[in-house]
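J.: Structure incoming, see below.
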Amino acid sequence: MQICHALLQDRCIVVSGVGAGLGRKLALQCAQHGAKVVLGARSPGFLNDVATEIAHAGGDAIAVPCDVTQQHERRALMGWMDGEPLRKNFDSRATLMTGALIHVNGGQFMQA
């Protein structure tokens, strides 16, 4: 656990697919180990619940509504990877962890 904490402490992690499953777990674990987390999901309810849970535990999280099936929304979330909003809020570069995948056209994955 000390290794995880050392790797994540004060890092910014962008997590997509923050619903009830993998994305939520990733976000909570990253925050528990000291990461600042940008949360992406379609459901404002899930986003707010996870952001509130992280904040109540003393962590930092920003909720960004994002439907990864929509290219402009994926690009907006990816803008957090090294953009002005990230520097303004967290003064850091980000790492992406995805809990959301899109499968289309015979096995091709959509790209931002």
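The values are calculated or read from the model by the stated rules, or taken from the named source; none is laboratory data. The structure presented is a predicted model; accordingly, all values stated were derived computationally and were not measured. Here Cβ is always computed from backbone atoms with ideal geometry, including for glycine, and neighbour counts include all displayed protein chains.
J.: Condition test on H56, is it out of contact with any strand residue (DSSP E or B) (no Cβ under 7 Å at 6 or more places or on another chain), more than 19 Å from C4 (Cβ to Cβ) and at pLDDT 90 or above?
T.: Here the answer is yes, as H56 does meet what is asked.
J.: So which pairs qualify, if the first residue must be in segment 21-36 and farther than 9 Å from L8 by Cβ, the second must be charged (D, E, K, R) and assigned to a helix (DSSP H, G or I), the Cβ gap must be under 8 Å, and the two must be at least 6 apart or on different chains?
T.: Partner pairs satisfying both residue conditions: L28/E53.
J.: Right, next: Between a first residue in segment 42-57 that is touching a residue at least 12 places away in the same chain (Cβ under 8 Å) and a second residue that is part of a helix (DSSP H, G or I) and not hydrophobic (A, V, I, L, M, F, W, C), which pairs have beta carbons less than 6 Å apart while being 6 or more apart in sequence or on different chains?
T.: Sorted first by the residue in segment 42-57, then by its partner, the pairs are V50/R24.
J.: Okay, next question. Starting from residues that are of a type in the set (A, V, I, L, M, F, W, C) and under 17 Å from D67 (Cα atoms), keep the ones in segment 1-26 and report whichever is surrounded by the fewest Cβ atoms within 10 Å (Cβ to Cβ).
T.: A20
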